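Below is one structure; the comments refer to it alone.
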Amino acid sequence: VSFSPWMYVSIFCIQFIGLLLPYPMANLVLDVAMLLIYLGIEVIRLFFGTKGNLCQQKMSLGISVALTFPSSMMASYYLLLQTYMLRLEAIMNSILLFFCGSELLLEVLALAAFSSTDRI
């Protein structure tokens, strides 16, 4: 499984913050658990998005569209609600939300294109 650069930066930042700042243990566990949940959602979302686009399968692309919303919510959590945040994380999460929105728009357009080719 190929991880995104965002995942590497987030893991590094949580380790960095956890070692240098007085991070409450409950919050550290929550942030790490949320990161692992996000990793699972993002890997599945990208897999179905790629498969749906390459094979022109509406179901796979629809699953990817549906998983875009939890993915965006997790990115918003790391942008707004994380216990400690570095400026690097804020910039990366803002870029991530922009790309999630762009992917959602392109997935919906691809679904519309795939649906129109079924009718012909």
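Quick note: the coordinates plus some simple rules give every number you see, no bench work behind them. Quick caveat: nothing in here was measured; it's all calculated off a predicted structure. When we count neighbours, we look across all protein chains shown, and the Cβ atoms used for this are built from the backbone with ideal geometry, even at glycine.
Calculate, for Leu54 and Leu97, the FRET efficiency according to 1/(1 + (r/R0)^6) with r their C-beta to C-beta distance and R0 30 Å; round to the nearest 0.05.
It comes out at approximately 0.75.
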- Cα-based Rg then Dmax for region 1-45, in Å, read 11.4, 34
- Note on the structure: Residue separation between Thr83 and Met34 times 0.36 nm, minus their alpha-carbon distance, gives in nm 16.4 nm
- Over the chain, what is the relative contact order in whole percent, taking alpha-carbon pairs under 8 Å and six or more residues apart? 26 percent
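Would you mind getting the Kirkwood hydrodynamic radius of the chain from its Cα pairs, rounded to one decimal in Å?
15.4 Å
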